[in-house]
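Here is the structure we will look at.
Please treat every number below as a calculation from the coordinates, not as lab data. The model shown is predicted, which means the values in this text are computed figures rather than measured ones. Methodologically, a virtual Cβ is constructed for each residue, glycine included, from the backbone with ideal geometry; neighbour enumeration extends over all protein chains shown.
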Amino acid sequence: MSPNGWTDDFLCTEWFRKVLYPQATEHKVSDAPIYFENDGHGSHETAALIELTHKHNIILLPSHHTPTHKLQPLDVGVFWPFARVWLDRWMNM
């Protein structure tokens, strides 16, 4: 944890190295690259983190490169009705 409670460049790099990368590769079955989308925070764009991604065959995508807006119909038409039914049943138990 940083002194102010927010992430910083060092913490982000250490989290990537010790948590994200090991979990992402635990069940990897091919040499295909791993794609990660980030939210554009400055700590996601440091030289140290970019070097790690290159070293481990990881492609780091800024959030604006992923067409998440094309997935939004799933949120409205599939996931929300499913969640609504699930919540209604869970709340009535």
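Brief remarks on what is shown
- Once the Kirkwood radius over Cα pairs is known for the range 4-53, the Stokes-Einstein relation at 10 °C and 1.306 mPa s delivers a diffusion coefficient of 134 µm²/s.
- In the range 1-58, chymotrypsin sites (Phe, Trp or Tyr not before Pro) in a DSSP loop with at most 11 other beta-carbon atoms within 10 Å: W6
- Taking trypsin sites (Lys or Arg not before Pro) across the range 1-46, the ones in a DSSP loop with at most 16 further Cβ atoms lying within 10 angstrom of their Cβ are K28.
- The GluC sites (Glu not before Pro) of the range 1-56 meeting both criteria, a DSSP state outside H, G, I, E and B (loop) and at most 16 other C-beta atoms within 10 angstrom of the site's C-beta, are E26, E45.
- A dipole drawn for the range 17-59 from +1 and -1 charges on Cβ atoms has a positive end, and of H27, N57, H44 the residue lying farthest that way is H27.
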